[in-house]
Amino acid sequence: MLNFFSPTLALLFQEAERSRLGEMFYQTRAAAANPDLSKFLVIGALLFIIGVAGVLTRRNIIVIFMSIELILNAANLNFIAFSRYLSQTGNPNAVAGQIFAVFVIVVAAAEAAIGLGIVIALYRNKETIWVDEIDLLKW
Amino acid sequence: MNLSGYEALFFWIFGLAAIFAGLLTVMARNAVHSALFLISSLVSVAALFVLSGAEFIAGVQILVYVGGVMVLFLFVIMLVNVGAEERGRDEIFNSQRQVTASLIFCFLLVGGVLYSVNRGYQGLLARSDHPSAERIAAEQARKDQTYADSGTGSSKITRDSQSLGNSLYRYASLPFEIASVLLLVAIIGSVMLARTLKQEASADDVDPDLLKEEIARDPGLAKIEPQLE
C-alpha cells in the first residue's frame with residue numbers, strides 16, 4: 001500500500017533523503033511497511049498495560065472484569081504472534097501457540113462466568129458494585 | 001513475521017483500533033459503553049489473529065468472547081447497574097492518590113515491558129535460526145501448497161483448523177479434558193452463586209437458623225415447601 005504513495009513521497013523527500021532526518025524517515029517507513037514480530041509484541045504489551053491500568057484505577061467491578069479480559073487477550077496476541085514466528089523458522093511444533101490461546105480463552109470464559117456470578121451475589125447482599133464500598137474484610 | 005502490502009496497512013489499522021478501543025474501555029463512564037468498546041477491541045485483535053494466520057482462533061475469539069462472554073457481561077450490567085454513573089454523580093475512578101500511584105506504576109511497567117521486548121527482539125535477531133526474507137518466502141510457498149481447494153474450486157482454503165485440531169487431540173488431549181471439567185465446575189459454581197434465598201429454600205439448601213431469621217423478616221418464605229426429587 002505504501003508503495004502506491006512512494007513516488008510522491010520520494011519526490012517530496014528527495015532533498016531530505018540525503019540528510020540524517022531523511023534517512024531516519026526512510027528507515028521508519030520501511031519498518032512500518034513490513035511489521036514484524038516486534039510490532040505485534042508492542043501492541044500486546046500496550047493492551048496488557050491498559051488492562052492493568054483499568055484494574056488498578058476503576059471503581060466499577062464489572063469494568064475491572066472487562067480489563068482482566070483485555071489482559072488475557074493481550075497474552076493471546078503474544079501467543080499467536082510467536083506461533084506465526086516459529087512456523088516461519090520451520091518449527092514443526094509452532095501450532096502449540098494456538099493451542100495455548102484456546103486454553104486461555106477457555107479459562108477466560110470460566111473466569112467471566114464465576115466472576116459475574118460473584119458480582120450478582122454481592123449486589124444482592126451489599127447493593128453496590130463499587131469496589132471501594134465492598135470492605136467486609138477491612139478493619 | 002513480515003507482513004507486507006495491504007497486510008501491513010490492515011495491521012496498523014487494526015492494531016491502533018485495538019489500542020484505542022482498549023483505552024476507551026477503561027475510560028468510558030457508562031459500563032455499557034465500556035462493554036461495546038471492549039467488543040470492538042476484541043474484534044480488532046481477532047483481525048490481527050487472521051493477519052498472523054490463526055483463522056481458527058480468530059473465529060473462536062469472535063464466537064466465544066463477543067458472542068458469549070460479552071453478552072453475559074451486558075446481561076449482568078443490565079441486571080446490576082443502577083445508572084448512577086451515567087448521571088454523573090459518582091466518581092468512576094478511585095481516589096486521586098490511588099490513581100496517581102497506579103498510573104506511575106503503569107508508566108514504569110510500560111517502560112520495563114517495552115525495554116524487555118526490545119532487548120528480547122534484539123536477541124532473536126541475533127540468533128542463527130532467525131528467518132531471513134528468503135526463508136519466509138519459502139515457508140509461505142510451502143504453506144500455500146497445503147491449501148485445499150474450496151467446494152467450488154474457485155479459491156483456496158487454509159488448513160489452519162485442521163492442523164490445530166490434530167495437535168489439540170494428539171498432544172494436548174489431557175489438558176483438553178481438564179478444560180472441559182473446568183467449564184463444568186464454572187457452570188455449577190455460577191449457578192450456585194447466583195441463586196436467591198427463595199431458590200435455595202425451595203431446594204432445602206439453607207442454614208435453618210438463617211432461614212428462621214429471614215422468615216421473621218419476610219413471612220412469605222415460610223410457605224415455600226422444599227421440593228426434593
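Give me the dipole magnitude in Debye, nearest 20, for chain B about the Cα centre, with unit charges on the beta carbon: positive for Lys and Arg, negative for Asp and Glu.
With only Lys, Arg, Asp and Glu charged at Cβ, the dipole is about 900 debye.
I'd like the FRET efficiency for A:LYS138 and B:MET78, computed as 1/(1 + (r/R0)^6) with the beta carbon distance as r and R0 of 35 Å, rounded to 0.05.
Approximately 0.75, to the nearest 0.05.
Got a sec? Charge dipole of the protein assembly as shown, +1 on Cβ for Lys and Arg, -1 for Asp and Glu; which of B:LEU221, B:ILE178, A:LEU86 is way out at the positive end?
A:LEU86
Average projected area of the Cα convex hull of the protein assembly as shown, in nm²?
Result: a mean projected hull area of 27.1 nm².
Using packing as a proxy for protection, rank B:49-59, A:125-135 so that the peptide with the highest average count of other Cβ atoms within 10 Å comes first.
Order by mean packing, descending: B:49-59, A:125-135.
Considering every residue in B:146-155, what mean count of other chain Cβ atoms within 10 Å of its Cβ is obtained?
0
With n ≥ 4 as the cut-off for DSSP H runs, can you work out [θ] at 222 nm for chain B, using -39500 (n - 2.57) per run divided by the number of residues, rounded to the nearest 500?
Calculated at 222 nm, the ellipticity per residue is -22500 deg cm²/dmol.
Mind checking the dipole of chain A: about its Cα centre, +1 per Lys or Arg Cβ, -1 per Asp or Glu Cβ, Debye to the nearest 20?
60
What are the semi-axes of the equivalent ellipsoid of chain B, taken as the square roots of 5 times the eigenvalues of the Cα gyration tensor, listed largest first and rounded to whole Å?
47, 28, 18
Given A:GLY117, B:LEU38, B:ILE104, which one lies farthest toward the positive end of the charge dipole of the protein assembly as shown, if we put +1 on the Cβ of every Lys and Arg and -1 on the Cβ of every Asp and Glu?
Farthest towards the positive end: B:ILE104.
For the stretch B:83-167, state which GluC sites (Glu not before Pro) are in a DSSP loop and have at most 16 other beta carbons lying within 10 Å of their beta carbon.
B:GLU86, B:GLU91
Give a residue-ordered list of calculated ³J(HN,Hα) values for the stretch A:27-44 (Karplus: 6.51 cos²θ - 1.76 cosθ + 1.60, θ = phi - 60°; whole Hz; x for Gly, Pro).
5, 4, 5, 5, 5, 6, 6, 10, x, 10, 3, 5, 5, 4, 5, 5, 5, x
What's the percent breakdown of Cα-Cα distances in the stretch A:2-138 across 5 Å bins, shortest bin first?
Per 5 Å bin, starting at zero, the Cα-Cα P(r) for the stretch A:2-138 comes out as 2, 9, 12, 13, 12, 10, 10, 10, 8, 6, 4, 3, 2, 1, 0 percent.
At q = 0.13, 0.20 Å⁻¹, what log₁₀ I(q)/I(0) does a Debye calculation on the Cα points of the stretch B:107-210 give, no solvent, two decimals?
-0.92, -1.05
Once the other residues with Cβ under 14 Å from the Cβ of B:LEU72 are scored (Lys, Arg +1; Asp, Glu -1), what is the net sum?
-2
Would you list which lysines come within 20 Å of B:LYS223, measuring only between C-alpha atoms, while excluding same-chain residues fewer than 8 positions from it?
Within the straight-line limit of under 20 Å, B:LYS223 reaches these lysines: B:LYS198, B:LYS212.
Quick one: check the C-alpha center-to-center distance for the stretch A:27-91 versus the stretch A:111-129, whole angstrom.
Cα centroid of the stretch A:27-91 versus Cα centroid of the stretch A:111-129: 28 Å apart.
At q = 0.11, 0.16, 0.19, 0.23 Å⁻¹, what base-10 log of I(q)/I(0) does the Debye formula yield for the stretch B:65-154 when every alpha carbon is treated as an equal point scatterer in vacuo?
Normalising to I(0) and taking log10 leaves -0.83, -0.93, -1.03, -1.10.
Taken together, the values in this text are just the output of simple stated rules run on the coordinates, not laboratory data. Here the structure is a predicted model, which is why all the values come from computation and not from measurement. Backbone-built Cβ (ideal geometry, glycine too); neighbour counts: all protein chains shown.
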